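The values are calculated or read from the model by the stated rules, or taken from the named source; none is laboratory data. In this text the structure is predicted, and so the values were computed from the model without any measurement. No Cβ is skipped: glycine too gets one built from the backbone with ideal geometry, and neighbour counts run over all protein chains shown. With ligands, DNA and RNA removed, areas are computed over all heavy atoms of the protein, side chains included. Shrake-Rupley method; radii C 1.70, N 1.55, O 1.52, S 1.80 Å.
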Amino acid sequence: MRLDRFLSNLPRFSRKDVRLALLAGRVTVDGTTVREPLHEVREFSRVAVDGEVLQAGKSARYFMLHKPPGCVSATTDPHHPTVLDLLQEPDKQELHIAGRLDFNTTGLMLITNDGQWSRRLTQPVTLLPKVYEVETEQPIGQHYIEQFAAGFYFAYEDLTTRPAQLVILGSHHARLTIVEGRYHQVKRMFGYFNNKVVSLHRERMGPLTLDPMLKPGEYRALTAEEIQHI
Ligand code: URA
């Protein structure tokens with residue numbers, strides 16, 4: 001919400017009071033004087049007038065989890081453990097997943113209470129590369145590379161996938177970089193060749209790489225630097 005609206009919604013300030021307080025440099029957001037009425041106030045912002053705190057601001061939380069196989073990328077599930085069950089954190093109902101993985105897919109999963117941050121990470125326009133390690137049932141042919149680069153037509157969405165980079169690491173083993181996150185995207189891409197994905201692991205989402213110190217099921221908070229990368 002804009003700062004002037006945030007302040008004038010409080011019973012003690014008229015619109016004129018707000019204008020004058022802003023002009024006089026009496027308003028701070030996150031400790032910095034702000035005179036700009038359109039400055040964005042978020043649930044995480046600390047807002048004060050004349051040093052009196054009017055909103056303390058929630059703490060924004062960001063975690064990196066090494067998702068193990070056999071858990072659901074959802075906040076609740078009636079039958080299976082969820083990724084949130086792996087977090088020992090308060091107020092877990094405020095958290096959400098930025099980029100889901102299938103039940104048996106492993107690897108990098110980002111969890112936060114900051115919707116703006118997670119949208120930047122997952123919205124299609126940002127074309128953030130996601131890197132997966134893939135193992136398949138059948139051998140992976142050299143001709144796959146060209147097809148991944150050309151794209152696959154997905155009838156359900158009526159679209160052709162954006163160019164993806166396939167690096168063959170072994171007869172049944174590859175590293176794949178995609179910039180979208182369609183439903184079952186990697187499995188459907190290999191499905192074009194009738195080649196079943198038997199193991200799938202996400203290594204990276206844009207600038208964030210799974211911390212090699214994290215064993216499956218373990219997690220840690222992101223560093224300030226990692227948060228700012230998104
Ligand atoms: N593509 C898939 O098919 N599954 C995942 O979990 C992630 C990407």
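Here is how the numbers come out for the structure above:
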| read-out | value |
| --- | --- |
| Simple spin-label estimate for LYS187 and ARG46 in nanometres, 7 Å along Cα-Cβ | 4.6 |
| Full-stretch length increase - ALA60, ASP91 - with 0.36 nm per residue and alpha-carbon distance subtracted | 10.0 nm |
| Integer Hz, Karplus 6.51/-1.76/1.60 couplings in order for the range 205-220, x for Gly and Pro | 10, x, x, 9, 10, 4, 5, x, 6, 7, 7, x, x, 8, 8, 8 |
| From phi via Karplus (6.51, -1.76, 1.60), per-residue ³J(HN,Hα) for the range 108-121 in Hz, x at Gly/Pro | 5, 9, 10, 10, 8, 10, 9, x, 5, 5, 5, 5, 4, 6 |
| FRET efficiency for TYR153 and THR126, using Cβ-Cβ distance with R0 set to 25 Å, rounded to 0.05 | 0.60 |
| Nonlocal amide H pairs with ALA74, under 5 Å, H built at 1.01 Å | VAL83, LEU84 |
| Sites HIS80 and LEU169 - FRET efficiency at Förster radius 45 Å, r taken between beta-carbons, to 0.05 | 0.90 |
| Antiparallel bridge percentage (DSSP; both residues within the range 81-208; nearest 5) | 90 |
| J(HN,Hα) series, the range 70-75, from Karplus relation 6.51 cos²θ - 1.76 cosθ + 1.60, nearest Hz, glycine and proline x | x, 9, 8, 7, 8, 7 |
| DSSP-defined antiparallel bridges as percent of all bridges, the chain, nearest 5 | 95 |
| Average accessible surface area per residue within the chain, 1.4 Å rolling probe, Å² | 55 |
| When each of LYS92/LYS130; LYS58/LYS187; LYS92/LYS196 is checked by Cα-Cα distance, pairs over 29 Å | LYS58/LYS187; LYS92/LYS196 |
| Within the accessible area of the chain (1.4 Å probe), percent carbon and sulfur | 52 |
| Residues whose placed amide H lies under 5 Å from that of ARG2, excluding near-sequence neighbours | VAL41 |
